[in-house]
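Structure, as structure tokens:
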Amino acid sequence: MAIEMSQFYQVFFDEAEELLAEMEKLLLAVDLSDPDMEDLNAIFRTAHSIKGGASTFGISDMSDVTHFLESLLDHIRKGEMAITSEHVDAFLIAKDILKMQLNGHKFGAEVDQEAVADVRMLLQSLAQNSTHIAPPPKIESYIDKSKEEQFRKSYRIEFPKVSDVEIDTLGEELNLLGDIAKESLDDNRIAFVLNTNATPDDIIAICSFILDPQDLFITEIALKKIPPKEKSGDEPGYGLFDTPHEQDEDKLGYGFFDPIDPAFALDRSPEEIMKGVAKKLDKDVSHHVAGAHDDKGAGKKEGSNQESTTIRVGIEKVDQMINLIGELVITQAMLEQRTNDLDPIEHERLLSSVAQLTRNTRDLQEAVMSIRMMPMDYVFSRFPRMVRDLASKLGKKVEFITYGASTELDKGLIERIVDPLTHLVRNSIDHGIEMPDARRAEGKYEAGRLSLSAAHQGGNIVIEVSDDGGGLNREKILAKAFESGLPVTENMPDAEVWQLIFAPGFSTAEVVTDVSGRGVGMDVVKRNITNMGGVVDIRSARGFGTTIVISLPLTLAILDGMSIRVGEEVYILPLSCVVESLQPVPDDIKVISGKGTVIKVREEYLPLIALHQVFGIEPKFTDPCLGIIVILEVDGKRAALFIDELVGQQQVVVKNIESNYRKVPGVSGATILGDGCVALILDVSALLRT
Amino acid sequence: MLQFSQTDSPASTHGAKSGSDADGSEFLAFTLGREEYGIDILKVQEIRGYEAVTRIANAPVFVKGVINLRGIIVPVVDMRIKFNLGSPTYDQFTVVIILNINTRIVGMVVDSVSDVTTLMPDQIKPPPEMDTTFNSDYLIGLGTIDERMLILVDIDKLMTSPDMGLVDHQAS
């Protein structure tokens, strides 16, 4: 049994992770002044699902925390207490704790038991506080009633023969959906009548924990009044003794002992009372502006209503499929090449079939590549929380907006863009956006705007991190650059000055503010992005803010390449590194003794690298003036590469050499050419270092 | 990088295999020069002819280069060059054994492939304490079938050894 269970652990871990992310998303979207019941219910459901999963797998510490979380949420959901920022904070902390516990179970990571105990206490105390601030029982009963009136539908659910314990459990679970009454059927079976807003699907989903959904009979019946306050499973057959009148009298009786003036309650509709209570509670809630609730809330709601129809597939399977498609593309190219020589009239039908195949292959390739694509939302969704936390820590007000969250990017790139983006966003909040006072003094809104956007531009995706803060300080950067001995002049264009902050060891912390304690520096950001084949640009205006523009290729799997030939061998140069190619004249080539050869290109001396010497190839030409020189640029370094000839420009599918062989110096990967041969892709930055 | 850790204990794995397998194990026999070698058949993915390879710059001579094996880039090593056996000629009879070693795929050029034979545990003798072409660390033992003698090679250990230089050995 234990072995059987263990294979489901991974499923639970994956699912719990998704649920936690979902929970955080929902929590951040909650509008404190007017919480949406649907959202609260959704949060409750995520907590409940985690609890259910955790207890199924006997992960008691997680189910413990979720239990407290759930009970507090339940109070809020039932309208017994209004949600406050305190609650949201507590929930977020609890979410983090759950995540930590999850990692603890998943990877054996360390779990801070003290923090776990703390959060449990926090949730518990908040739940207990509810008794102080919760409306008196009288109002509660009204709320119950009003809730009951809101229920749109009533279902009768017939169960097969099951044990009492299971019926009790089911009763508890179903009670979460609405009001419930129990009925005994003739043949010892049990039926529930449920007044709820949930759909039959929800009911089946809940029951399927215990029963085979096929054994359920769910029928919609006319809305039937169920005595309020009834808890199913308290007493078998309770539903049969329907005594609403007595209970109503009881309820009225409560009113007389109520400290609140009865008139207050009686004169107003239950809704009004609820609102009044909510308002009262809301007064002492500091309303924080950590996120653009309105913009985001609207988008989120749309998304959460969509049924997710996805399947979970291992990335290896997808990659294997992409490989196979790559193979197919090559085969198709070969076929096309072979048929090109045929007489078009004689072989008309064959040729049209090949043309058809070409189209189909291209479509197929596009479709398969899109599997690896993921929306930027995957990255963006983790920022609202970070921005909120960081802003409140620094005492700043930040309004966070995202654009183009549905823009798609290769999964491999998406995972690697997270860290640089995180760093940039932190930088913007830390150094970019000013304190509220300073902003007011400058005539800006107190809350700074930080926006993240993503958009397609040709074959690239452009991601922008933009703030309306103070902007970069040109003088300070230049002064710091002088200090560190970087080659700078007073009248450098702004764009070049901004690029200085990417220099290694050029700490932005010292330049702009003295708040530091961040993981990576800007040079690491730049390097990460360059490694992904991307470019970083900065636009900044003093007093108006800074925008950092990252431009990335859509996928790592395809590269625009320039194929070149040296001797008998063909290599691919990434086109992004190629500046120009030229045939030099003998006068431009100078030998510096002991340092190698340089070439003069437009009054600039560039080191000359002969590929045949680096790779030990028998070349066609040994005189650079007979061959071709390609000027390469990477990381701001330029060099001239001497080769025999240029073959052509083509898109190539990048293959990994290291998966079956070791790293080859000077080579970043390999590709398969149209004729089925392998060509190596040159690692330009490594070449320039030689 | 995970797969390297497994290579630390190939001796124990093959010991368990030859010890517990009462039905004997199957070996692919191939020749290098005048010697006949055997490798575990389960490590062999396929056998192909030799085709044009793409040379890898500055690689050891015995690494012929890489080939495109149905979309996968596979390095090819010539054992005849590595162990100075036979003459490295490449024609339509040259054979490449594609091996599957700890999820890595490697092609190995040999003179010829003869057959697949089953060896019972009692047919496998420990390797002699003497200098052979292969470092005796990479040998499982000597297999005898009638008049034939197979040098049984622990191909996992050989191919992942620093000697062959096919995998990155960061630790060493």
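The values are calculated or read from the model by the stated rules, or taken from the named source; none is laboratory data. Since we're looking at a predicted model, the values are computed, not measured. Every residue, glycine among them, receives a Cβ derived from its backbone with ideal geometry; neighbour counts consider all protein chains shown.
Data for the structure
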item: Selection count where residues are farther than 20 Å from A:Asn427 by Cα and either among the β-branched types (Val, Ile, Thr) or out of contact with any helix residue (DSSP H, G or I) (no Cβ under 7 Å at 6 or more places or on another chain) (or both), scope region A:446-489; result: 15
item: Conditions (1) in a strand (DSSP E or B); (2) without any contact (Cβ under 8 Å) to a residue 60 or more places away in the chain; (3) within 14 Å of another protein chain (Cβ to nearest Cβ); number of the one not met by A:Glu618; result: (1)
item: Evaluation of B:Arg70 against (1) at negative phi; (2) within 8 Å of chain A (Cβ to nearest Cβ) (one fails), failing number; result: (1)
item: Single residue of region A:585-615 satisfying the filter (of a type in the set (A, V, I, L, M), away from chain B (no Cβ under 14 Å) and buried (at least 16 other Cβ atoms within 10 Å of the Cβ)) that is nearest to A:Glu568 (Cα to Cα); result: A:Leu608
item: Single residue of A:Arg372, A:Arg382 found to be within 30 Å of A:Val425 (Cα to Cα), touching a residue at least 12 places away in the same chain (Cβ under 8 Å) and buried (at least 19 other Cβ atoms within 10 Å of the Cβ); result: A:Arg372
item: Test: residue in region B:108-126 that is assigned to a loop (DSSP other than H, G, I, E, B), within 14 Å of chain A (Cβ to nearest Cβ) and crowded, with 18+ Cβ neighbours inside 10 Å; result: no
item: Long-range neighbours under 6 Å by Cβ, at least six apart or interchain, first residue assigned by TED's automatic domain parsing to the domain that holds A:Thr671 within region A:568-596, second assigned to a strand (DSSP E or B) and of a type in the set (Asp, Glu); result: A:Leu575/A:Asp560; A:Val579/A:Glu633
item: Selection status of A:Leu632, assigned to a strand (DSSP E or B) and either assigned by TED's automatic domain parsing to the domain that holds A:Glu568 or aliphatic (A, V, I, L, M) (or both); result: yes
item: Residue that is nearest to A:Ala42 (Cα to Cα) [pool: residues in region A:68-111 that are surrounded by fewer than 18 Cβ atoms within 10 Å (Cβ to Cβ), over 23 Å from the mean Cα position of the chain (by Cα) and not charged (D, E, K, R)]; result: A:Ser71
item: Within region A:637-690, tally of residues that are part of a helix (DSSP H, G or I) and of a type outside the set (Gly, Ala, Ser); result: 4
item: Residue ranges of strands (runs of 3 or more DSSP E) in region A:314-418 with at least 2 members out of contact with any Leu (no Cβ under 7 Å at 6 or more places or on another chain) and over 24 Å from A:Val524 (Cβ atoms); result: A:398-403
item: Filter result for the condition that a residue is crowded, with 20+ Cβ neighbours inside 10 Å, closer than 24 Å to A:Asp319 by Cα, touching a residue at least 12 places away in the same chain (Cβ under 8 Å) and of a type in the set (D, E, K, R), over A:Asp419, A:Asp410; result: A:Asp410
item: Filter result for the condition that a residue is within 14 Å of another protein chain (Cβ to nearest Cβ) and farther than 30 Å from B:Met159 by Cβ, over A:Gly674, A:Gly666, A:Gly648; result: A:Gly674
item: Count of region A:84-131 residues which are more than 18 Å from A:His67 (Cβ to Cβ) and not in a helix (DSSP H, G or I); result: 5
item: Total residues in region B:140-167, condition within 14 Å of another protein chain (Cβ to nearest Cβ), buried (at least 17 other Cβ atoms within 10 Å of the Cβ) and in a loop (DSSP other than H, G, I, E, B); result: 5
item: Residue among B:Thr103, B:Thr89, B:Thr54 that alone is among the β-branched types (Val, Ile, Thr) and surrounded by 19 or more Cβ atoms within 10 Å (Cβ to Cβ); result: B:Thr54
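Residue by residue, here is whether (1) more than 10 Å from chain A (Cβ to nearest Cβ); (2) without any contact (Cβ under 8 Å) to a residue 12 or more places away in the chain holds:
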residue	(1), (2)
B:Val53	no, no
B:Ala57	no, yes
B:Phe62	yes, no
B:Gly65	no, no
B:Pro75	no, no
B:Ile81	yes, no
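Yes or no, residue by residue, for (1) touching a Gly at 6+ places or on another chain (Cβ under 7 Å); (2) surrounded by 14 or more Cβ atoms within 10 Å (Cβ to Cβ); (3) at pLDDT 80 or above:
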residue	(1), (2), (3)
B:Ala16	no, no, no
B:Glu35	no, yes, yes
B:Ile67	yes, yes, yes
B:Val76	yes, yes, yes
